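Visitor: One structure is given below, represented as structure tokens, and several questions about it will come after.
Read-outs throughout are calculated quantities, based only on the coordinates presented, and are distinct from any laboratory measurement. All values reported here derive from a predicted model rather than from experimental measurement. We place every Cβ from the backbone using ideal geometry, glycine too, and count neighbours over all the protein chains shown.
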Amino acid sequence: MPDTTTAIPPQAEEREFTVAERSQAQLVFRRFLQHRAAVVSLCVFVALILLAYVGGWLWKYDAGQYTPDNSVPPSWEHPFGTDSAGRDQFAQVLRGTRISLQVSVSVAILATLVGTLWGSVAGYFGGWVDTVMMRISDLVLTLPLIAVAAMLAHNFGGTWYLIALVIAALYWAYVSRVARGVVLSLREKEFVEAARALGASDTRIILRHLVPNALGSILVNLTILVALAILLETSLSYLGFGVTPPDTSLGLLVSEAQTALTTRPWLFYFPGLFIIIIALTINFIGDGLRDAFDPQQTKVRQ
Amino acid sequence: MTAVETQTLLSVRNVVKHFPIRSKGLVRRQIGAVQAVSDVSFDLAEGETLGLVGESGCGKSTTARVVLNLIPATSGEVLYKGRDLTSLSRSDLRGLRRELQIVFQDPYASLDPRLPVNEIIAEPLRIHGLYSDGGRDKVRQLMQTVGLKPEHGNRYAHEFSGGQRQRIGIARALALRPKLLVLDEPVSALDVSIQAGVLNLLDELQAELGLSYLFVSHDLSVVRHIADRIAVMYLGQIVEIGTAEQLFTAPAHPYTQALISAIPLPDPRKERARERITVVGDLPSPANPPSGCRFRTRCPKFANELTTEQQSRCVEQPPELTDRGDGHPVSCHYAESRTLL
Amino acid sequence: MSEQIDLAPQRRKGTKGDVVLEVSGLDVSFPSGDGPVRAVRGVDYTLRRGEVLGIVGESGSGKSVTSMAVMRLLPTTARVSGEVRFDGRDLLGLSETEMTRIRGSRISMIFQDPMTSLNPVYTIGAQIAEAVRAHHDVSKQAALDRAVELLDKVRIPNARDRAGSFPHELSGGMRQRVVIAIAMANDPDVIIADEPTTALDVTVQAQIMDALSAAKEETGAAMVLITHDLGVIAGQADRVMVMYAGKLVEVGSAEDVFYTPRMPYTLGLLGSLPRMDRPSERLTPIPGSPPSVVNMPPGCPFGPRCPKHTAVCDETEPELRATTGPDHLAACHHAETLAGASADDVFDTEVADAQALHQLAEEGRP
């Protein structure tokens, strides 16, 4: 028999990988690229971030800086016009965008972290742990969001990170429900049983196996949270319970401009437009991510 | 492959596992129980392979999981080297996990899709704090041992074929150098040409590492190939247990005979000339098993050969699993060995 | 009683041995992101009245797709070419309505999952009776009686009571037998059974195979039996076709294929099967795994896994050619060299890396 061993061609193993095999991340990325609206949205969103941070830094006027031109409509000198005090509205909107983005991204990250852990622990252990933990998040979910946020923000608010904290404290419960749902189905999988058979602790199973596998759904949810948070922050600032001057945000800009809606409409429309663009692009990105992570999506494009 | 060791490694004593059936609604009273495993006992010697065969719903996989304490037993003892696993504390059990490992049926579901293969194999080492001591090399060595290329270690499980994935599962189970491997249908999800590779690998590992196998399968041909002794299960009970030789040359329980006779041989002349023993009907519900002998409702002997008087014994008296002169224990009042192959 | 005799299948004029189905040059491909998936490549076969033709192959070999293409049951994205002649007509050219008529009554298909062929909202008796009435102008009661008789023929206990059951009230094995009973009522010329026993327990498998034999006896239909189980093929098939990577690689009588295989793949497959009828011996696994049918390199698709592999195997893909007899075909450049060889003469049985394993064993010793 020894002569036959040499006859086995050495490339046998290599031939098994003839089709370019892709890692999970590559597959997700490829499917994401198939979602046109999501790709366009992602480009717009990235451009917006660059504009807000780099553009704001390069632009000739600083936010809050008084210029000699009062109440000028949009022009090459002041693309978004100026307000009655002579402040350049373009610089103001860019700063508002920065703050609004910071608030919403912080909310999304904080709420996702807390919510994911909360939901995973509840879903993994089940039984009374699950019951108690989920009743608590149900309670948070039943609170009238705007009213509570307004009350909390009024007492503790003012700066952007405190506003973010308040909103996150209300939104984590949504995430916990999503995470629990995913973990409930994951914990029945054989690889979880395999980890248990190896002697893995509960913490290890949750953090190393359950959470990473739930990441797809959680990431999709995170994008939606960003959009929700930006809208809630806008509402709060508009109502006067959010970010307070000298800080500014898109919501605050809209609120300040409402008295000038007929006389200086550019002050109102530009921050409003930015809010809509951010919320819209993020929703599309979320859509694209959901499709990309959904393994059932095996459509063949012809 | 004939084991001569007499040292008993694992001893399963009167294990019972009932899954409660609860009523719907708020109170969820228990209204019954699925008797998945009813009073199962067997021994496994060091270096030996015991095959646990039966059709779906016979309780073989549940038995395997109870042995590993992945599912708590309702009653009974699982003695590993004389220590009862069912009564150990969680931390004591964790230490023993190193010696008892499992390979699962589905090589797709049993590997975490988010981890690269070398991390999957390193997982047991990390859990037991052994990775820092040359873990990387150990993983490479394990991959090589089961016939995988260590260079492929950073690929993900879905990039491998079914047979390769099952090897990954085996490498993971071997990482802690266990004494006993529970193999739960390890080859039934694989194509035959691939299945043979995994079976040969298991043979080689056992010969070199002195492992004991508890091999759970529905496939009698595979079990005959790999097992030294075989226990046949039906509706949560062992109906016949003996060496592979005894069971295939002189099966004495009508169910074993029906099973052997139902499996087609890949040999046209032999297959077309064989005697057939057919079983009628379907498996009764394990929530409400028949009285007396559980197999009597489908038993060809009961239906065709026994007198009414003899039948009443099957209905009233559950047969015990004892040697009735066939050289090995059988649980049938009217056991009679036959030659079928 | 006289009515029941009327309802028994009417033997068509054809005699045993007439060709009923002829497939030539059948090609099936599916578009995919990486290029076309060539699931079936140039399959030819003829099916004769009264015979059982077994198609074996492992997952992905194209054995099921071949028959789905014949039945025109593939999704619309599939590209099918070639010719399927049944009763003098090319099935691939028929309109959907004509095809539906043929599928109902002339060719019956039995799938792995019986629920694909059963209607969940009608009782099984009604479903069989409907098939009976589609072919015979009889009263409802007579059709139902015939349905009960057919259920009895496929060995369903208490057939008369069972006729009133809905599909979901039956076990998998029972459902499959109902599907076979419906096929019998349709009295087809061809029965295509695609992995009819795969999801079932062995004792139930045996019952299904008995029911299939009964259906074949009753209707005199020719049968195409698709399975990965060589044991089932050995017991049932008159002729066997072995498929690999979308092509037929060996065709012959059951005896030819099982006792004198001339394609290394077939030999390896037989050698890799553990046998219940003899004490254990080394199995001969086939190294590697089947090639992907996307972007297939030239040459023999089995080449990379084949111990008989030489340079010519990489250059030209071998065609089927006669070997031990005119009806025993194999697609291998080296078919003759397999004469008298057993699987473990040809294939290597070692799997583990002996050195690594030995090292592992050494480290484990106290």
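Visitor: Explain nothing, just compute: Karplus ³J(HN,Hα) = 6.51 cos²θ - 1.76 cosθ + 1.60, θ = phi - 60°, for every residue of the stretch A:139-154 in order, whole Hz, x for Gly and Pro.
Guide: Each residue's phi maps through the Karplus curve to give 4, 4, 5, 7, 5, x, 4, 4, 4, 5, 4, 4, 5, 4, 5, 4 Hz.
Visitor: Got the relative contact order for chain A handy, in percent, Cα pairs under 8 Å and 6 or more residues apart?
Guide: Reported relative contact order: 24 percent.
Visitor: Across the stretch C:252-366, how large is the tail of the calculated P(r) beyond 20 Å, expressed as a percent of all Cα pairs?
Guide: In whole percent, the long-distance tail amounts to 52.
Visitor: Of the residues B:ARG140, B:ARG296, B:ARG269, which exhibits the maximal mean-square fluctuation in a Gaussian network model of chain B defined by a 10 Å Cα contact cut-off?
Guide: B:ARG269
Visitor: Then there's this: Using alpha-carbon positions, what is the distance between the centroids of the stretch B:186-251 and the stretch B:302-341, in Å?
Guide: With the stretch B:186-251 and the stretch B:302-341 each reduced to a Cα centre, they are spaced 25 Å.
Visitor: Semi-axes of the stretch A:184-238's equivalent ellipsoid from the Cα gyration tensor, sqrt of 5 times each eigenvalue, largest first, rounded to whole Å?
Guide: Each semi-axis is √(5λ); the values are 36, 10, 7 Å.
Visitor: Starting from the exponent 0.38 and prefactor 2.2 Å, build the expected Rg for the protein assembly as shown from its residue count and divide its actual Cα Rg by it.
Guide: 1.12
Visitor: A further question follows. Grab the eigenvalues of the alpha-carbon gyration tensor for chain A, scale each by 5, take roots, and send me the semi-axes largest first in whole angstrom.
Guide: 46, 28, 14
Visitor: If you project the alpha carbons of the stretch C:281-342 onto their three principal axes, what span does each projection cover, largest first, in Å?
Guide: Each principal axis gives a Cα extent; for the stretch C:281-342 these are 34, 33, 20 Å.
Visitor: Okay, next question. Cα centroid distance between the stretch C:247-271 and the stretch A:94-145, in Å?
Guide: Answer, in whole Å: 62.
Visitor: So, one more: Within 10 Å of each residue's Cβ, count the other Cβ atoms and sort A:VAL121, A:VAL129, C:VAL224 from fewest upward.
Guide: Arranged by neighbour count, lowest to highest, A:VAL121, A:VAL129, C:VAL224 become A:VAL129, A:VAL121, C:VAL224.
Visitor: With the contact rule set at Cα under 8 Å and sequence spacing of 6 or more, what percent relative contact order holds for the stretch C:2-237?
Guide: Relative contact order, the stretch C:2-237: 25 percent.
Visitor: Return the percentage of antiparallel bridges among DSSP beta bridges fully within the stretch C:2-237, rounded to the nearest 5 %.
Guide: Taking every DSSP beta bridge with both residues in the stretch C:2-237, the antiparallel ones total about 55 percent.
Visitor: Something else now. Anything over 29 Å Cα to Cα? Flag those among A:LYS189/B:LYS138; B:LYS60/B:LYS301; B:LYS138/C:LYS308; B:LYS270/C:LYS153; B:LYS17/C:LYS153, in the order listed.
Guide: Table pairs above 29 Å Cα-Cα are B:LYS138/C:LYS308; B:LYS17/C:LYS153.
Visitor: Please list the non-local residues whose amide H lies under 5 Å from the amide H of B:MET233, H modeled 1.01 Å from N, same-chain partners needing a gap of 5 or more.
Guide: B:VAL53, B:GLY54, B:VAL239
Visitor: With every atom except the alpha carbons ignored, what do you get for Rg and Dmax of the stretch B:70-212, in angstroms?
Guide: 15.5, 47
Visitor: Largest first, please: the extent of the C-alpha atoms of the stretch C:124-283 along each principal axis, to the nearest Å.
Guide: 58, 31, 24
Visitor: Next question. What translational diffusion coefficient, in µm²/s and rounded to a whole number, does the Stokes-Einstein relation yield for the stretch A:231-288 at 4 °C and a viscosity of 1.567 mPa s, taking the hydrodynamic radius as the Kirkwood radius over Cα pairs?
Guide: So the translational diffusion coefficient is about 109 µm²/s.
Visitor: Hey, another quick one. Out of all DSSP beta bridges with both ends in the protein assembly as shown, state the antiparallel percent to the nearest 5.
Guide: Just about 60 percent of them are antiparallel.
Visitor: Take the Cα radius of gyration of chain C and divide it by 2.2 N^0.38 Å, with N its residue count; two decimals is plenty.
Guide: 1.11
Visitor: Here's another thing I want to ask about it. What's the extension gain from C:SER213 to C:THR116 if we count 0.36 nm per residue and subtract their Cα-Cα distance?
Guide: Here the segment from C:SER213 to C:THR116 would lengthen by 32.8 nm.
Visitor: Then there is this: Ignore the peptide's own chain and count Cβ atoms of other chains within 10 Å of each Cβ in B:255-267; give me the average, rounded.
Guide: Counting Cβ atoms of other protein chains within 10 Å of each residue's Cβ and averaging gives 6.
Visitor: Which of C:HIS168, B:HIS328 has the fewest other C-beta atoms within 10 Å, and how do the rest follow up to the most?
Guide: Ordered from fewest to most neighbouring Cβ atoms within 10 Å, C:HIS168, B:HIS328 come out as C:HIS168, B:HIS328.
Visitor: Radius of gyration and Dmax for the stretch B:40-105's Cα atoms, expressed in Å?
Guide: 12.2, 35
Visitor: Among C:SER95, A:SER71, which comes first, second and so on when ranked by fewest other beta-carbon atoms within 10 Å?
Guide: C:SER95, A:SER71
Visitor: Work out, in µm²/s and without decimals, the Stokes-Einstein translational diffusion coefficient of the stretch B:193-338 at 20 °C, 1.002 mPa s, Rh from Kirkwood over C-alpha pairs.
Guide: 128
Visitor: Here's another thing I want to ask about it. Hey, with R₀ at 45 Å, roughly what FRET efficiency would C:LYS140 and C:GLU255 work out to, going by the Cβ-Cβ distance, to 0.05?
Guide: 0.40
Visitor: Could you work out which residue, out of B:VAL103, B:VAL216, B:VAL192, moves most in a Gaussian network model of chain B, that is, has the largest mean-square fluctuation with Cα springs under 10 Å?
Guide: Of B:VAL103, B:VAL216, B:VAL192, the most mobile in the Gaussian network model is B:VAL192.
Visitor: Based on the Cα coordinates of chain B, what is the per residue volume of their convex hull in Å³?
Guide: 165
Visitor: For the protein assembly as shown, what is the calculated [θ] at 222 nm in deg cm²/dmol (nearest 500), taking -39500 (n - 2.57) for each run of four or more DSSP H residues and dividing by its residue count?
Guide: The helix-only estimate for the protein assembly as shown comes to -13500 deg cm²/dmol at 222 nm.
Visitor: Working from the alpha-carbon coordinates of the stretch A:183-297, get Rg over Rh, Rh being the Kirkwood radius.
Guide: With Rg and the Kirkwood Rh in hand, the quotient comes to 1.25.
Visitor: Output the peptides B:298-306, A:220-228 sorted from most to least packed, where packing is the average of other Cβ atoms within 10 Å over each peptide's residues.
Guide: Order by mean packing, descending: A:220-228, B:298-306.
Visitor: Here's a follow-up. Give, rounded to the nearest 20 debye, the magnitude of the charge dipole that the stretch C:2-237 has about its Cα centre when Lys and Arg contribute +1 at Cβ and Asp and Glu contribute -1 at Cβ.
Guide: Its charge dipole is roughly 260 debye.
Visitor: Counting only other chains, and only Cβ atoms inside 10 Å, what mean value do you get across the residues of B:196-209?
Guide: 6
Visitor: For chain A, modelled as a Gaussian network with Cα springs under 10 Å, which listed residue fluctuates most, A:GLY81, A:GLY199, A:GLY126?
Guide: Taking springs between Cα atoms under 10 Å, the residue moving most is A:GLY199.
Visitor: Through the Karplus equation 6.51 cos²θ - 1.76 cosθ + 1.60, θ set to phi - 60°, convert the phi angles of the stretch B:51-65 into ³J(HN,Hα) values in whole Hz; use x for Gly and Pro.
Guide: Going residue by residue, I get x, 10, 10, x, 8, 4, x, 8, x, 5, 5, 4, 4, 4, 6 Hz, with x marking Gly and Pro.
Visitor: Further question on the same structure: In vacuum, with every alpha carbon of the stretch B:1-142 counted as one equal point scatterer, what does the Debye formula give for log10 I(q)/I(0) at q = 0.12, 0.19, 0.20 Å⁻¹? Two decimals, please.
Guide: For the stretch B:1-142 at q = 0.12, 0.19, 0.20 Å⁻¹, log10 I(q)/I(0) is -0.68, -1.25, -1.28.
Visitor: In whole Å, how far is the Cα centre of the stretch C:283-349 from that of the stretch B:96-141?
Guide: Cα centroid of the stretch C:283-349 versus Cα centroid of the stretch B:96-141: 37 Å apart.
Visitor: Calculate the tail of P(r) for the stretch C:89-168: the fraction of all Cα-Cα distances greater than 21 Å, expressed in %.
Guide: I get 36 percent for the Cα pairs in the stretch C:89-168 exceeding 21 Å.
Visitor: From other protein chains only, count the Cβ atoms within 10 Å of every residue's Cβ in B:280-289, then give the mean.
Guide: 3
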